[in-house]
């Protein structure tokens, strides 16, 4: 089984480019990269800081033969984009990689300083030479994750099939807190959260399923859903509309939340919606190429719950 560099070199023989990661020379952390030849591929890496969902680039590359390195959650986005005709399966070579759990580098930097040395040894984590609890700095989306290995791939790089660490196989404490709130308290919680939105659109830019940029409700003038001011009510409205537009389409990659500069826990709301969609329609976004998102095929004139 090849490592990431050799695998990308092999895939480049049949593709125009490969989407993967390289090392940022300033921070030493992974950053997205496009590899076009074997020399560039020598700089490819895959480690626990490769958190970005590279599927976000696929809608702009529909006319190219593309290789993409995909973790479990990324692979679900690839599937959903194929279903919605924003990526062509015959044009893609998916390089599957298993991850287990990914580090929240921003959280580490906030506590220890930007650019601090991070050494992940798997069973231990060294930050600035100090050994710390790894679980404390794992991406929130990785808690309770069941998709460490990709469901769709053409080739495999490295090892897959590993178990998710025991301390990750449960929901983040934030979910427990939210579940304990009453409906009134939840409404107040989200009103406060969305009041901090600065309308930077980072959530949209990072989301693989937010590909309708030319008619996005966040900015369109016809129809005009919201003004351009950084206003709490308007921010709340566009955020809630965006969440509804992702009904049956969100694959839970968590990129919107990771990209948010003010720390709004967007996945709390999206996860609640995903659970409702699965309960009502027995559908999980990105789980199967043969399935169709319920919001694309729903017929209001038919009773899909069998009640007459």
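Of everything in the stretch 241-262 that's surrounded by fewer than 16 Cβ atoms within 10 Å (Cβ to Cβ) and touching a residue at least 40 places away in the same chain (Cβ under 8 Å), which residue is farthest from residue 195 (Cα to Cα)? Per the stated criteria, the residue is 261. All conditions but one from (1) buried (at least 19 other Cβ atoms within 10 Å of the Cβ); (2) modelled with pLDDT of 90 or more; (3) in a loop (DSSP other than H, G, I, E, B) apply to residue 286; the one that does not is (2).
So that you can scan it fast, the table gives a plain yes or no per residue for (1) at pLDDT 95 or above; (2) touching a helix residue (DSSP H, G or I) at 6+ places or on another chain (Cβ under 6 Å); (3) surrounded by 23 or more Cβ atoms within 10 Å (Cβ to Cβ):
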{"position": "73", "(1), (2), (3)": "no, no, yes"}
{"position": "76", "(1), (2), (3)": "no, no, yes"}
{"position": "91", "(1), (2), (3)": "yes, no, no"}
{"position": "99", "(1), (2), (3)": "no, no, yes"}
{"position": "104", "(1), (2), (3)": "no, yes, no"}
{"position": "114", "(1), (2), (3)": "no, no, no"}
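Just checking, does the stretch 174-192 include any residue being crowded, with 18+ Cβ neighbours inside 10 Å, assigned to a loop (DSSP other than H, G, I, E, B) and modelled with pLDDT of 75 or more? Checked against the condition, which is being crowded, with 18+ Cβ neighbours inside 10 Å, assigned to a loop (DSSP other than H, G, I, E, B) and modelled with pLDDT of 75 or more, the stretch 174-192 yields no hits at all. Annotation: of all residues in the stretch 6-22 being crowded, with 18+ Cβ neighbours inside 10 Å and without any contact (Cβ under 8 Å) to a residue 60 or more places away in the chain, the one that is nearest to residue 55 (Cα to Cα) is 19.
Using the structure shown, decide if residue 270 is at pLDDT 90 or above and in a helix (DSSP H, G or I). Against the criterion (at pLDDT 90 or above and in a helix (DSSP H, G or I)), residue 270 qualifies. Taking every residue in the stretch 114-138 that is touching a residue at least 40 places away in the same chain (Cβ under 8 Å) and pairing it with any residue that is in a strand (DSSP E or B) and surrounded by 11 or more Cβ atoms within 10 Å (Cβ to Cβ), at least 6 positions away or on another chain, the pairs with Cβ-Cβ distances below 6 Å are 118/127.
Among residues that are at pLDDT below 75, assigned to a helix (DSSP H, G or I) and either on the phi > 0 side of the Ramachandran plot or loosely packed, with under 12 Cβ neighbours inside 10 Å (or both), residue 299 is not included. Listed by position, the helices (runs of 4 or more DSSP H) inside the stretch 35-138 whose residues that are out of contact with any strand residue (DSSP E or B) (no Cβ under 8 Å at 6 or more places or on another chain) and within 20 Å of residue 18 (Cβ to Cβ) number at least 1 are 38-41, 72-83. Does at least one position in the stretch 193-212 carry a residue that is out of contact with any helix residue (DSSP H, G or I) (no Cβ under 7 Å at 6 or more places or on another chain), surrounded by fewer than 12 Cβ atoms within 10 Å (Cβ to Cβ), modelled with pLDDT under 90 and over 15 Å from residue 260 (Cβ atoms)? Checked the stretch 193-212: no residue is out of contact with any helix residue (DSSP H, G or I) (no Cβ under 7 Å at 6 or more places or on another chain), surrounded by fewer than 12 Cβ atoms within 10 Å (Cβ to Cβ), modelled with pLDDT under 90 and over 15 Å from residue 260 (Cβ atoms). Note on the stretch 116-132: residues that are farther than 16 Å from residue 47 by Cβ and loosely packed, with under 12 Cβ neighbours inside 10 Å total 3.
The values are calculated or read from the model by the stated rules, or taken from the named source; none is laboratory data. The structure displayed is predicted, hence computed values, not measured ones. Using ideal geometry, Cβ is built from the backbone for each residue, glycine included, and neighbour counts are taken over all protein chains shown.
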